[in-house]
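Participant: This is the structure, below, for whatever I ask next.
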There are 2 protein chains.
Amino acid sequence: MNKKGGVDMDKLSIGFIGTGVMGGSIVKHLLAAGHKVTVYTRSKHKAMPLIEAGANWADTPAQVAKSADVVMTMVGYPSDVEEVYYGDEGIFQSCKEGQIVIDLTTSSPSLAKRIAKDAAEKGMSSLDAPVSGGDIGAQNGTLSIMCGGDEKTFEHMLPLLQVFGKQIVYQGEAGAGQHTKMSNQIAIATNMIGVCEALIYAKRAGLDANKVLQSISSGAAGSWSLSNLSPRMLKGDFEPGFFVKHFLKDMKIALKEAEEMSLPLPGLRLAKEMYEELVNDGYGDKGTQVLFQSYER
Amino acid sequence: MNKKGGVDMDKLSIGFIGTGVMGGSIVKHLLAAGHKVTVYTRSKHKAMPLIEAGANWADTPAQVAKSADVVMTMVGYPSDVEEVYYGDEGIFQSCKEGQIVIDLTTSSPSLAKRIAKDAAEKGMSSLDAPVSGGDIGAQNGTLSIMCGGDEKTFEHMLPLLQVFGKQIVYQGEAGAGQHTKMSNQIAIATNMIGVCEALIYAKRAGLDANKVLQSISSGAAGSWSLSNLSPRMLKGDFEPGFFVKHFLKDMKIALKEAEEMSLPLPGLRLAKEMYEELVNDGYGDKGTQVLFQSYER
C-alpha cells in the first residue's frame, strides 16, 4: 500500500466531472489503473460508455464530491468551472477537509487562484492542471500536464497524474498551470497565422504547396502546426482536432490576463480577431486549421 | 567521368561571387569536392582564407564568369544581385553560350525571372536556388535548397548542389525557388511574434520561462524557433545567427510579391513593422531573436 498524506494512492475514490472527448479518455485510464471513479457530466448519455466500463454515476457535482478523495474537473468554459465549483449543486457545497480538487479545464488563472483560496479555507487542497496533447494524447495517456498549486499536493498527486500524463511539470503556485497553458496557446495562435500565410502565398504564387512543405517543414520554419495542420488545410479537411470556439475562449482569457499585466500582445490580438470572425461566420465547431479558409475566400 | 549536357560534372570550373559566412562555407565544400573555384567578393580580404585553401581570385564578376562552367552567386540584397549580373563589370558582360548561372541569394522572384529570361536569350541556363539552414547548415553541407528554373538544368546541376545541400527540391519554373523561400520566411516571421509573446507572457505572469518551455516545446506549440531561439532570448543572447536586416529584406520582398497578387498577409505585415522598428532603433546587425527586446523594453 502506497499511503501518502491522508490518501491511499493505490486505490483512490475519484470524482470526475465533465466526460467529454478528453475527460472520457482520462476516466478510462483511471478505471484501468484500478481506481473507483464516480462521474457526472451535463448530458448523462455521454457518460454511458464509462458507466458500462465500471464508473459510478452521480446526479450533481456536489454528489460526486461527497465521497471522493480527489475530485477532477474538465469542463468547457471558465463559467462552467465556476458553476461546477460554486453553483448551488457545486463541489464546494459538499466537500470536506482533506479532499483534493484538480481542475484540468483550460480556464482563467484568476479563477484558479480563487478556487485555491476557497479550497484552502475549507481545509482542502487544489491544483490547476490544464493539459495539452489533444484527443490523441488523452487516448494514449501521454498528455502534457501543466500544474499550479501547492507543491506538496502536486508531489502527492503526481502518481495519479502519471496515469494519463507523460510530460508533467510543476510550474508554481495556484494559477501557474493555467498561465503556462496560456503561454502555450499564445505560441500556437500567432504561429497559425504564419502557417496559413506561408501556404496561401505558395498557392497564389503557383507553387505546389505540398512540395513547398517538403522544402520548409524540417528547417527554421518548422513547427508542429506546419507539419500536422498544413496537410489538412491543403486537403480542405477542417474537422475538429481542437475546436475554434475553445481556442477563441483561450485567446480571450490570455488577452484579458495580459491586459491586467499591461502587456500588449499584438500577434495574439490579431489571431483573436481572425478567429472571432470565424466564430461569427459559423465556423466555431470546426478545427483550428479552418483559419486557412479566411485566406482562401 | 560523369559528363552530362556540355559540362563535365566530375571537375567543374566554378565561379563563385559573394564569399560571406554562407558563401564561404559553400566554396570550401566545392573545393573539397575537387572542383576548380574562382571567387570574387566585394572585400578581397574576406576571401583570403579561401584563396589559401586553393581558390583563385578574379577582380570582377565579369572576370569570374569568363572561364567558368557554372557561376554561383550569393550576395546580400536584390540590388546586389542586379549589380552582379547586370552591372558594367557584371556576369552578363562576359558570359557565353552553354554556361549555367545559379543564384543562391534570397532575392526577389521577379528578378529571378528576369535573369532567367536574359540568360536564355544568351543561350545560357539559370537556376534560382535560395537556401535555408543557416551558417551551421552551410558548414555541415546540409542546407535545404529550393530550386526554380528549367527542370533539365536542375537535374544536371543536382550532383553539384548535393555537394553542399541535403534537402534539395525542384519547385518549378524560374522564380519558384525564390517564392518557396518567401513562403519559408513568411512562416518564420509570424511565428517569431508568437514565440516572443508566449515567453514574455510567461515572464510577466511570474513563471519560470525555462520550465514553461519544458511544458510547451514538444507539443502543439512546438517549433524550431521556440526550441532554438527561446533559450537565447531568455539569456539575452542576441548575437546573429540570422541578421535582422536580412530578415527585413526578405519580408519586404514577400510583401511586395503578395501585394502584386492582391493577397493581404496581416501577420507578415505586423512582423515586418516590428522588425522595421528594430532596424530603425539600430538592431539591424543583431540576430532575429532580438525581437524579444521589443516586448521587454
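The values are calculated or read from the model by the stated rules, or taken from the named source; none is laboratory data. Computed from a prediction, not measured in an experiment: that's the story for all the values here. Cβ atoms come from the backbone with ideal geometry, glycine included; neighbour counts cover every protein chain shown. Quick note on the areas: whole protein, heavy atoms, side chains included, nothing else; ligands and nucleic acids left out. Shrake-Rupley method; radii C 1.70, N 1.55, O 1.52, S 1.80 Å.
Participant: Taking only segment A:98-119 into account, find how many residues are assigned to a loop (DSSP other than H, G, I, E, B) and surrounded by 19 or more Cβ atoms within 10 Å (Cβ to Cβ). Before the answer, list the steps.
Facilitator: Of segment A:98-119, the ones assigned to a loop (DSSP other than H, G, I, E, B) are A:98-99, A:104-108.
If we keep only those that are surrounded by 19 or more Cβ atoms within 10 Å (Cβ to Cβ) too, we end up with A:99, A:104-108.
Of the residues in segment A:98-119, 6 are assigned to a loop (DSSP other than H, G, I, E, B) and surrounded by 19 or more Cβ atoms within 10 Å (Cβ to Cβ).
Participant: Within segment B:244-259, work out how many residues are free of Cβ contacts under 8 Å to residues at least 40 places away in the same chain and of a type outside the set (Lys, Arg).
Facilitator: Our first condition is that a residue be free of Cβ contacts under 8 Å to residues at least 40 places away in the same chain; within segment B:244-259, this holds for B:248, B:252, B:255, B:258-259.
When the remaining residues are screened for being of a type outside the set (Lys, Arg), the result is B:248, B:255, B:258-259.
So the answer is 4.
Participant: Can you tell me which residue within segment A:144-154, out of those that are touching a Leu at 6+ places or on another chain (Cβ under 8 Å) and among the small types (Gly, Ala, Ser), is nearest to the other protein chains (Cβ to nearest Cβ)?
Facilitator: Of everything passing the filter in segment A:144-154, A:Gly148 is nearest to the other protein chains (Cβ to nearest Cβ).
Participant: I'd like to know if segment B:277-296 contains one or more residues that are at the interface with chain A (Cβ under 9 Å from one of its Cβ atoms) and among the hydrophobic types (A, V, I, L, M, F, W, C).
Facilitator: No: segment B:277-296 contains no residue that is at the interface with chain A (Cβ under 9 Å from one of its Cβ atoms) and among the hydrophobic types (A, V, I, L, M, F, W, C).
Participant: Would you check which residues across segment B:270-297 are in a loop (DSSP other than H, G, I, E, B) and either farther than 17 Å from B:Met233 by Cα or touching a helix residue (DSSP H, G or I) at 6+ places or on another chain (Cβ under 9 Å) (or both) and list them? Quick ask: steps written out before the conclusion?
Facilitator: Looking only at segment B:270-297, we keep the residues that are in a loop (DSSP other than H, G, I, E, B), and these are B:281-286, B:297.
Once the filter is applied, which keeps residues that are in a loop (DSSP other than H, G, I, E, B) and either farther than 17 Å from B:Met233 by Cα or touching a helix residue (DSSP H, G or I) at 6+ places or on another chain (Cβ under 9 Å) (or both), segment B:270-297 yields B:Asp281, B:Gly282, B:Tyr283, B:Gly284, B:Asp285, B:Lys286.
Participant: A:Cys95 versus (1) surrounded by fewer than 16 Cβ atoms within 10 Å (Cβ to Cβ); (2) modelled with pLDDT under 95: which is the lone unmet condition?
Facilitator: Failed condition: (1).
Participant: Working only within segment A:73-118, note down all residues that are acidic (Asp, Glu) and in contact with a Gly (Cβ under 6 Å, 6 or more places away or on another chain). First the steps, then the outcome.
Facilitator: Within segment A:73-118, the subset acidic (Asp, Glu) is A:80, A:82-83, A:88-89, A:97, A:103, A:118.
A:Glu97 - this is the single residue of segment A:73-118 that is acidic (Asp, Glu) and in contact with a Gly (Cβ under 6 Å, 6 or more places away or on another chain).
Participant: Give the residue, chosen from B:Gly137, B:Gly165, B:Gly141, B:Gly175, that is modelled with pLDDT under 95 and within 18 Å of the chain's Cα centre (by Cα).
Facilitator: Working: B:Gly165 fails: modelled with pLDDT under 95; B:Gly141 fails: modelled with pLDDT under 95; B:Gly175 fails: modelled with pLDDT under 95.
Among B:Gly137, B:Gly165, B:Gly141, B:Gly175, only B:Gly137 is modelled with pLDDT under 95 and within 18 Å of the chain's Cα centre (by Cα).
Participant: Before we move on, is A:Ile186 more than 22 Å from A:Ala65 (Cα to Cα) and touching a helix residue (DSSP H, G or I) at 6+ places or on another chain (Cβ under 7 Å)?
Facilitator: Working: more than 22 Å from A:Ala65 (Cα to Cα): yes; touching a helix residue (DSSP H, G or I) at 6+ places or on another chain (Cβ under 7 Å): yes.
Answer is yes for this residue.
Participant: I'd like to know if segment A:100-107 contains one or more residues that are of a type outside the set (Val, Ile, Thr) and touching an Asp or Glu at 6+ places or on another chain (Cβ under 7 Å).
Facilitator: Let us first name the residues in segment A:100-107 that are of a type outside the set (Val, Ile, Thr), namely A:103-104, A:107.
Pick out the ones that are also touching an Asp or Glu at 6+ places or on another chain (Cβ under 7 Å) and you get A:103.
Within segment A:100-107 (the criterion being of a type outside the set (Val, Ile, Thr) and touching an Asp or Glu at 6+ places or on another chain (Cβ under 7 Å)), the answer is yes, since at least one residue qualifies.
Participant: Hey, B:Thr73 hits all of (1) within 14 Å of another protein chain (Cβ to nearest Cβ); (2) crowded, with 22+ Cβ neighbours inside 10 Å but one; which does it fall short on?
Facilitator: (1)
Participant: Given the conditions (1) away from chain A (no Cβ under 14 Å); (2) under 25 Å from B:Ser25 (Cα atoms); (3) surrounded by 21 or more Cβ atoms within 10 Å (Cβ to Cβ), and given that B:Ala62 satisfies all but one, which numbered condition is not satisfied?
Facilitator: The single condition B:Ala62 does not satisfy is (3).
Participant: Among the numbered criteria (1) buried (at least 20 other Cβ atoms within 10 Å of the Cβ); (2) farther than 20 Å from B:Gly194 by Cβ, which single criterion is violated by B:Ala271?
Facilitator: B:Ala271 satisfies all of (1) buried (at least 20 other Cβ atoms within 10 Å of the Cβ); (2) farther than 20 Å from B:Gly194 by Cβ except (2).
Participant: If we keep just the residues of segment B:143-154 that are hydrophobic (A, V, I, L, M, F, W, C) and not in a helix (DSSP H, G or I), which is surrounded by the fewest Cβ atoms within 10 Å (Cβ to Cβ)?
Facilitator: Quick first cut of segment B:143-154, residues hydrophobic (A, V, I, L, M, F, W, C) only: B:143, B:145-147, B:154.
Narrowing the set further to residues that are not in a helix (DSSP H, G or I) leaves B:143, B:145-147.
Values: B:Leu143: 28, B:Ile145: 28, B:Met146: 32, B:Cys147: 26.
Out of the qualifying residues, it is B:Cys147.
Participant: Can you name the residue in segment B:120-136 that is surrounded by 22 or more Cβ atoms within 10 Å (Cβ to Cβ) and within 13 Å of another protein chain (Cβ to nearest Cβ) and is also nearest to B:Phe92 (Cα to Cα) among such residues?
Facilitator: Result: B:Asp128.
Participant: Six or more apart or on different chains, Cβ under 6 Å: which pairs go from a residue in segment A:276-297 that's touching a residue at least 60 places away in the same chain (Cβ under 8 Å) to one that's assigned to a loop (DSSP other than H, G, I, E, B) and open to solvent by 50 Å² or more (accessible area, probe 1.4 Å)? Could you list them?
Facilitator: Note: pairs meeting the criteria are A:Thr288/A:Phe242.
Participant: Now a separate question. Looking only at helices (runs of 4 or more DSSP H) that fall completely inside segment A:155-265, which ones have 3 or more residues that are of a type in the set (A, V, I, L, M, F, W, C) and either within 9 Å of another protein chain (Cβ to nearest Cβ) or open to solvent by less than 50 Å² (accessible area, probe 1.4 Å) (or both)? Steps first, please.
Facilitator: Details: elements: A:176-204, A:209-216, A:224-228, A:230-235, A:244-260.
Counting at least 3 such residues, we get A:176-204, A:209-216, A:244-260.
Participant: Among the numbered criteria (1) over 23 Å from A:Lys96 (Cα atoms); (2) of a type in the set (A, V, I, L, M, F, W, C); (3) at pLDDT 95 or above, which one does A:Val21 miss?
Facilitator: Here A:Val21 clears every test but (3).
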